[in-house]
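What follows is a single structure, written as structure tokens, with notes after it.
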Amino acid sequence: MTLTTEPSSSTAPRATVEKPRPRPRMVRWFIIVGILLAILVGGLVGFNAFRAHMIKQFFATMKPPPTVVSVADAKSEVVPNLISAVGDLAAVHQVNVTSDVNGRITDIQFTAGATVKAGQPLVQLFDGPDQGDLANFKAAATVARINLDRAKQLAERQVGPQATVDTTQAAYDQAQANIAKTEAVISQKQVRAPFDGVLGTRRVEVGQYLTAGTQIVSLTDLSAVYNNFTVTEKDSGKLQVGQAVRISVDAYPGRKFEGKITTIEPQISADTRNIRVQATLQNPEGILKPGMFATTTVVLPNKPAVITVPETAVDYTLYGDSVYLITEKKTDDGKSELSAVRTFVRTGDRIDGRAVITQGLKAGDRVVAVGQLKLQSGALVSISTDPLPQIPAKPPLN
């Protein structure tokens, strides 16, 4: 019997698996999409480049309209040479009227707030016992005088001894001394105004027992006042007795009061390095009151002329002080253009709304006084015809 052997499946030849080839139609589709995307991206990039170029060209050729500003001229002028300080007013004569002795008030002889003369009676204390003592001593003095005259006559005729004359003279002198003492006590019990002035509010009542030293009323002489103020050690060398002083007080805004320096403290405070100065001001109207706060200005000799501009023209920054200087130039078509150029300057004092320029400007230069907040250096400007705003008056700064 013949056996037929079939080949094993493991040794049978494997069929070859071929990958499907991309279809030509799909390839064309991807190529078309890629081309479209490239065209789109290129168009966007080109458009952005074109827009940036046009914007740059627009701003390069466009001139903004001139900014309207107010202009002021730099002036050469002599500014006041001043020292500013703060002080307070004090009365030349001021006292709290009191009694020297104890006693009960029997009469008040003044009206609160009245003007009195020196020596005018103000308060009367009870002095009945003292008046009795005065009468007694006057009577004793009369008797002593009679005895003295009699003793002198007897001594002149050599009938009486000289010792009797001496004894009666001593008795008479003792009586006179008792009279003077009693009159002094009585005068102490009548309180009088020590000087001319204006009385304050009354602090006592009739019938009140007044102890020595108790305040009865204040008395102030307002015909003149002191202005006490301090200045720094640096400025102390500029001060002299007799220099003019101007002050202003809050009670009378806009009004100036003038006086003169009368006293300069010879010592400088070791704590503050300030020196105390006192000026005297006449006060005929009596409107300056002791205790008022006074803004003080000492007038010194004038300095040479300096360049000044309105204080509003100066821009104060941490990088330095500057102004916008007006410059004029010709354009290609022959027209004139005004531009504002930031110019750094060095400033000094500020007095009555004007700033002193020590470096950076000369007389006649035009600077922007109002409107510089809208400017950049080199910007075109046009000058406003409106007048500059009034600067409110304020005390000078040193």
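The values are calculated or read from the model by the stated rules, or taken from the named source; none is laboratory data. Since the structure is predicted, the reported quantities are computational estimates derived from the model, not experimental observations. FYI the Cβ positions are ideal-geometry reconstructions off the backbone, even for glycines, and counts take in every protein chain you see. Just so you know, the surface numbers come from the protein's heavy atoms only, side chains and all, with ligands and any DNA or RNA stripped out. Shrake-Rupley method; radii C 1.70, N 1.55, O 1.52, S 1.80 Å.
Table for the structure above
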{"read-out": "Fraction of the pair-distance distribution of the stretch 162-312 above 25 Å, Cα-Cα pairs, percent", "value": "60"}
{"read-out": "The chain, accessible surface, carbon-and-sulfur percent (1.4 angstrom probe)", "value": "56"}
{"read-out": "Relative contact order (percent, whole number), the stretch 243-331, Cα cutoff 8 Å, 6+ residue spacing", "value": "27"}
{"read-out": "Under-5 Å amide H pairs with Lys289, H placed in peptide plane, nonlocal only", "value": "none"}
{"read-out": "Of the DSSP H helices in the chain, those whose Cα atoms cover at least 20 Å axially and whose Kyte score averages 1.0 or more", "value": "24-61"}
{"read-out": "Value of relative contact order over the stretch 124-186, rounded to a whole percent, pairs C-alpha under 8 Å and six or more apart", "value": "49"}
{"read-out": "Student exercise, the stretch 240-281 dipole from Lys, Arg, Asp, Glu Cβ charges, in Debye to nearest 20", "value": "160"}
{"read-out": "In nm, spacing of pseudo-spin labels at Leu239 and Arg157 (7 Å Cα→C-beta vector)", "value": "7.9"}
{"read-out": "Cut-off 11 Å, label 7 Å out along Cα→Cβ of Ser76, residues of the stretch 323-362 by amide N", "value": "362"}
{"read-out": "Helix-derived mean residue ellipticity, 222 nm - over the chain, DSSP H n ≥ 4, -39500 (n - 2.57), to 500", "value": "-8500 deg cm²/dmol"}
{"read-out": "Protein-only accessible surface order, largest first, of Arg276, Arg255 at 1.4 Å", "value": "Arg276, Arg255"}
{"read-out": "Nearest-20 debye value, the chain charge dipole, Cβ charges on Lys, Arg, Asp, Glu", "value": "2500"}
{"read-out": "Solvent-accessible surface ranking, highest first, for Thr220, Thr358 at 1.4 angstrom", "value": "Thr358, Thr220"}
{"read-out": "Order by protection proxy (mean Cβ within 10 Å, highest first), peptides 176-184, 40-48, 362-370", "value": "362-370, 176-184, 40-48"}
{"read-out": "Label-point separation, Gln94 to Ser336 (7 Å along Cα→Cβ), nm", "value": "6.2"}
{"read-out": "Computed accessible area, Leu300, all protein chains, 1.4 angstrom probe, square angstrom", "value": "10"}
{"read-out": "DSSP-defined beta bridges in the chain - what % are antiparallel, rounded to 5", "value": "95"}
{"read-out": "Inter-label distance for Phe50 and Ala180, nm, one decimal - labels placed 7 Å from Cα along Cα-to-Cβ", "value": "12.5"}
{"read-out": "Label point at Ile146 placed 7 Å out along Cα→Cβ; residues across the stretch 159-179 whose backbone nitrogen lies under 20 Å", "value": "160, 164-179"}
{"read-out": "Å² of accessible area per residue within the stretch 254-398, as computed with a 1.4 Å probe and no ligands counted", "value": "62"}
{"read-out": "Which of Ile35, Leu338, Asn302, positive extreme of dipole for the chain (C-beta unit charges)", "value": "Ile35"}
{"read-out": "Cut-off 19 Å (backbone N to label point 7 Å along Cα→Cβ of Ser377), residues of the stretch 303-328", "value": "313-328"}
{"read-out": "Accessible solvent surface per residue of the stretch 74-173, calculated while the other protein chains remain in place, 1.4 angstrom probe, Å²", "value": "56"}
{"read-out": "Relative contact order (percent, whole number), the chain, Cα cutoff 8 Å, 6+ residue spacing", "value": "24"}
{"read-out": "Accessible area in the full protein assembly, largest first, 1.4 Å probe, for Thr106, Thr272", "value": "Thr272, Thr106"}
{"read-out": "30 Å tail of the calculated P(r), the chain, as % of Cα pairs", "value": "73"}
{"read-out": "Accessible surface of Asp107 - all protein chains present, 1.4 Å probe, nearest 10 Å²", "value": "60"}
{"read-out": "Reciprocal mean inverse distance between Cα atoms of the stretch 93-232 - Kirkwood radius, Å", "value": "18.3"}
